[in-house]
Amino acid sequence: MSTNPPTPEPQAVIDAEMARVQAEAEKAHADGAPEELQPRRDYPPYRSSVLRHPKRPLVAAPEAFTELRGPVFGVTDVTELDSDLTRQHHGEPLGERIVVTGRVLDRDGRPVRGQLVEIWQANASGRYAHKGDQHPAPLDPNFTGAGRCLTDDEGRYTFTSIKPGAYPWRNHLNAWRPAHIHFSLFGTAFTQRLVTQMYFPNDPLFPYDPIFNSITDERARQRLISTYDHDLSSPEWSLGYRWDIVLDGPSATWMEEGR
Amino acid sequence: MRPPTPSQTVGPFFGYALPFPGGGDLVPPGHPRAITVHGAVLDGAGQPIPDALLEFWQADPAGGLAGAPGSMRRDPVTGSFAGRSGVGFTGFGRVATDADGHWTLRTLPPGPAAPGALPYISVCVFARGLLHHLYTRVYLEDGAGDPLLDSLDPDRRATLIARPEQDGAYRFDIHLQGSEETVFLDFG
């Protein structure tokens, strides 16, 4: 026997829930709770989080011999073209060509050198090259949307790509994700692992998006938004965005110095 | 201290970017000392999660944690993945769960990462719906003197111990929520 799928909830329901969580978080902070630097794993407006977060508190690891080290990657793991997402096919992808660059630092401000950065994103129309994405926007035969590079000695990464489009999803009725590029980063310690999303400045969809707003601290949310940098734009070629990344978690060096 | 860049969910569409062929095979098939560790990732309703991504990081059999590059070794001619060289041990694996929420890792048993320590494989869990990754550990056998295990109640402790099966295989299910919720770790 089949049942009808539930009627999608309107945006107003999600907005009200987000506003309530936001108000509670702001009150808690005003009453002395520390800044919430990370998203809440338990964030009901993002419906998929409801059954996918632990309800018990995390357990403090008394030692971390293994996790304070981490996997290493090298020149064998990337090819030169991996950092240019516009040159992975025979033709040129459609869309607004962009360069995204920045530095990867640890919490002490030291550059994270020679570590792997991976990105993936939708095409200019807001469609992922993934069977699971059935958004009726065109696929681009000249754009896959995955890239990699190693950070340089100053912790710098640089990608050339196409500005991704916003896209719809089924969290609620008329749900649209703000344009973003997914980032995956490694530090020197496994504890510094980070998967996140970089957004573009002044996106009108920010207030409606429960993934973005799962970070209840306004300043922390701003850390996910890149900056348009005119000096990084190239005449008659591409627009430049800058985004620095700070890896959370203790690093091996931090532990050695702390002993 | 600089404030960290916040995490965001890996989402549903990482499959063409992060997994790579042989991501779960830290040793070549048929390696005489290989063990298989496998299991499911489950949500709070006990349903398998088909869009989770697991990463594994571990010591080599002697306890060494230097790792080695080449987990994602590439063919410079075609740009395709060439597979690990089989020389040296990278200590790193990455596996997306299948449509049944299941994952499989073929590796060498980790050695103790410090003298007398109980060996374990560190696991980092990503999934659609999970806004910030989670860490746990696979202990291949229980034992005395591990400060983490010894700090846990027996039922919680059991969530970190793999269950031996036949032919060098171990079962390790990861419950993100529920009565069997896995112990997840905080490193401060």
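Rounded, prolate or oblate: which fits the stretch B:73-147 when a ≥ b ≥ c are the square roots of the eigenvalues of the alpha-carbon gyration tensor, with rounded for a/c under 1.5 and prolate only if a/b beats b/c? Don't skip to the end; give the middle numbers.
Details: a/c = 2.49, a/b = 1.33, b/c = 1.87.
Since a/c reaches 1.5 but b/c is at least a/b, the shape of the stretch B:73-147 is classed as oblate.
With the crude spin-label approximation of a point 7 Å out along Cα→Cβ, what separation in nm comes out for B:Glu141 versus A:Phe206?
5.5
Could you work out how far the C-alpha centroid of the stretch B:60-107 sits from that of the stretch A:109-148, in angstrom?
Each part's Cα centre sits 22 Å from the other's.
Compute the label zone of B:Ser179 within the stretch B:14-48: residues whose backbone N is under 20 Å from the point 7 Å along Cα-to-Cβ.
B:40-48
Let me see the pair-distance distribution of the protein assembly as shown: every alpha carbon pair, 10 Å bin width, integer percents in order.
4, 20, 32, 27, 13, 3, 0
For B:Asp186 and B:Met1 in one chain, what is 0.36 nm times their gap in residues minus the Cα-Cα distance, to one decimal in nm?
This chain segment gains 64.8 nm when fully extended.
Counting only residues 5 or more places away or on other chains, whose amide H sits under 5 Å from the amide H of A:Gly70 once H atoms are built in the peptide plane?
A:Phe190
Let me know the mean shielding of A:157-168 by other chains, meaning the per-residue number of their Cβ atoms within 10 Å of its Cβ.
Across A:157-168, the average partner-chain Cβ count within 10 Å equals 0.
Report the FRET efficiency, 1/(1 + (r/R0)^6), for A:Glu236 and A:Glu63, where r is their Cβ-Cβ distance and R0 is 45 Å, rounded to 0.05.
With a Förster radius of 45 Å, E is 0.20.
So what's the net charge close to B:Leu176: Lys and Arg +1, Asp and Glu -1, counting the other residues with Cβ under 13 Å from its Cβ? Could the numbers behind the result be given before it?
Working: positive: A:Arg41, A:Arg52, A:Lys55, A:Arg56, B:Arg128; negative: A:Asp42, B:Asp43, B:Asp51, B:Asp173, B:Glu180, B:Glu181.
Summing Lys/Arg as +1 and Asp/Glu as -1 gives -1.
What distance in nm separates the two pseudo spin-label positions at A:Glu154 and A:Arg170, each 7 Å out from Cα along the beta-carbon direction?
Modelled inter-label distance: 4.6 nm.
Collect residues whose amide H, placed 1.01 Å from N in the peptide plane, falls under 5 Å from the amide H of A:Leu173; neighbours closer than 5 in sequence don't count.
Those qualifying (amide H under 5 Å, at least 5 residues apart or on another chain) are A:Glu9, A:Gln11.
Averaged per residue, what accessible surface does chain A expose to a 1.4 Å probe, in Å²? Before the final figure, lay out each step's value.
On the way: 12320 Å² over 259 residues.
On a per-residue basis, 48 Å².
Could you work out the relative contact order of chain A? I mean the mean sequence separation of Cα pairs under 8 Å and 6+ apart, divided by the number of residues, in percent. Provide the component values of the computation, followed by the final result.
Values: 501 pairs, mean separation 64.4, N = 259.
That works out to 25 percent.
Most mobile of B:Leu176, B:Leu131, B:Leu42 per a Gaussian network model of chain B (Cα springs, under 10 Å)?
B:Leu131
For n ≥ 4 DSSP H runs only, could you compute -39500 (n - 2.57) per run for the protein assembly as shown, divide by its residues and tell me the 222 nm figure to the nearest 500?
Working: 5 runs with 41 residues, N = 447.
My calculation for the protein assembly as shown gives -2500 deg cm²/dmol from helical runs alone.
Would you calculate the separation in nanometres between label points at A:Asp15 and A:Asp229, each defined as 7 Å from the Cα along the Cα-to-beta-carbon direction?
With each label point 7 Å from Cα toward Cβ, the separation is 3.6 nm.
Where does the charge balance sit around B:Leu108 when Lys and Arg score +1, Asp and Glu -1, over other residues with C-beta under 13 Å from its C-beta?
Numbers: positive: B:Arg33, B:Arg84, B:Arg106; negative: B:Asp25, B:Asp60.
Taking every other residue near B:Leu108 into account, the sum is +1.
The values are calculated or read from the model by the stated rules, or taken from the named source; none is laboratory data. None of these values were measured; they are calculated from a predicted model. Please note: Cβ atoms are built from the backbone with ideal geometry, for glycine as well, and neighbour counts cover all protein chains shown. Calculation scope for accessible area: heavy atoms of the full protein, side chains included, ligands and nucleic acids excluded. Shrake-Rupley method; radii C 1.70, N 1.55, O 1.52, S 1.80 Å.
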